[in-house]
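Each reported figure results from applying straightforward, stated rules to the coordinates on display, with no laboratory input. All values reported here derive from a predicted model rather than from experimental measurement. With ideal geometry, Cβ positions are generated from the backbone for all residues, glycine too; neighbour counts draw on all protein chains shown.
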Amino acid sequence: MGKVYKTLHRVQLYLPQRQFPMQKLLIFLFLAFLTTTELFSQDNDWRYIVSSTIPQNGVEAKLFNNLYSQQTGPGDGVLDTRASYFTSFLSFLYGVNDRFNAGFDARFRGVRIDNLPSSPFDLFAFENGDHTRYGVTTIGPKVRIAPLARLPKFSIQSAFWFPIGDQLTGSDNDPFIDWDGASWWTQFFNDFSIGNDFALFTEIDFFIEDLGKDRTNRISTPVTGIFSYFPIENAQLYVLGGYSPYWQENYDYFVQAGIGAKYQFNPQFEIELLYTYFTNGDLQFVGGKASTFNIGFRYSTPR
């Protein structure tokens, strides 16, 4: 059980590495990401646009809660261990002007590792023990800019998180809960309306984790797509797909797909529910399985 707590963050793909022309592929994806907006001309004035910046003097606060749980074992389809991770992510933005926002992120995390049968929701006992742990793990500043006036739905967000606490990566008595080094996360957002009832949100990220001296930094480039349907003005149903490769000596990755819904009670307050299926090379190798349960809340001043 002692090594299971790092499965989410230290998974290996047990397949031969392939060589990809990554520079050309990334340039192609980024250009397509920017220019696809020209294909869609209709828009919904009432719709909240996630990828937009906050107007001048406006504020936005988000609290997104993620419960990840995986079942693993010695192999051959035998599953005997559950590892669950809870992350509560607080994000705040202030509109310095219409195209530049500043704010901060803070992250609370908890982990529980136990034997099956068990429930992922057992983690919410928030006990500190040999295989359980919780606390605030990171905090840091964030900015968001809309660099192109002709593409108001395209924005770039960058955050730098500082670790809080000791031995976050774990020890003989404590499981992994976060990285001991800082993290730098840059996200490229875009959003496209498709007629009056559909939309496509796209995200390309550049993520460096565990920055610090004498550390092998983890570099990933996640790609996410969300296709949404709006049955009524203040409700949204969507499907999500994401792929995150880790560029290191032994190729690493994770894939997730899910279904979610959002509901705007009014222009200021929104609630979101999301379920995803998660997999990676390590889980596939041992016949394991994983999923996430998510609930989010957003408050913002009218745009």
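For the pairs 62/142; 142/289; 62/153, note any where the Cα-Cα span goes beyond 25 Å. Correct reply: 142/289.
Remark on residue 58: its backbone amide H falls under 5 Å from those of 95, a criterion applied only to residues 5 or more positions apart or on other chains, H modelled at 1.01 Å from N.
With 0.36 nm allotted per residue and the present C-alpha distance subtracted, the residue 102-residue 261 stretch has 54.5 nm of extension available.
On a C-alpha basis, how far is the centre of segment 70-97 from the centre of segment 137-181 in Å? Whole number, if you could? Centre-to-centre (Cα) distance: 15 Å.
Scalar couplings 3J(HN,Hα) for segment 171-188, obtained by applying the Karplus form with A = 6.51, B = -1.76, C = 1.60 to θ = phi - 60°, are 8, 4, 10, 10, x, 4, 10, 5, 8, 6, x, 6, 9, 10, 10, 10, 10, 10 Hz; x denotes Gly and Pro. If R0 equals 41 Å, the separation of the Cβ atoms of residue 119 and residue 151 corresponds to a calculated FRET efficiency of about 0.35.
Rounded to the nearest whole Hz, the Karplus-based 3J(HN,Hα) values (6.51 cos²θ - 1.76 cosθ + 1.60, θ = phi - 60°) of segment 96-109 follow the sequence 5, 8, 5, 10, 9, 10, 9, x, 8, 10, 9, 10, 9, 9, with x at glycine and proline. Each Lys or Arg adds one and each Asp or Glu subtracts one; over the other residues with Cβ under 14 Å from the Cβ of residue 222, this totals -3. Around residue 270, what is the net charge, scoring Lys/Arg as +1 and Asp/Glu as -1 over all other residues with Cβ under 14 Å from its Cβ? That works out to +2.
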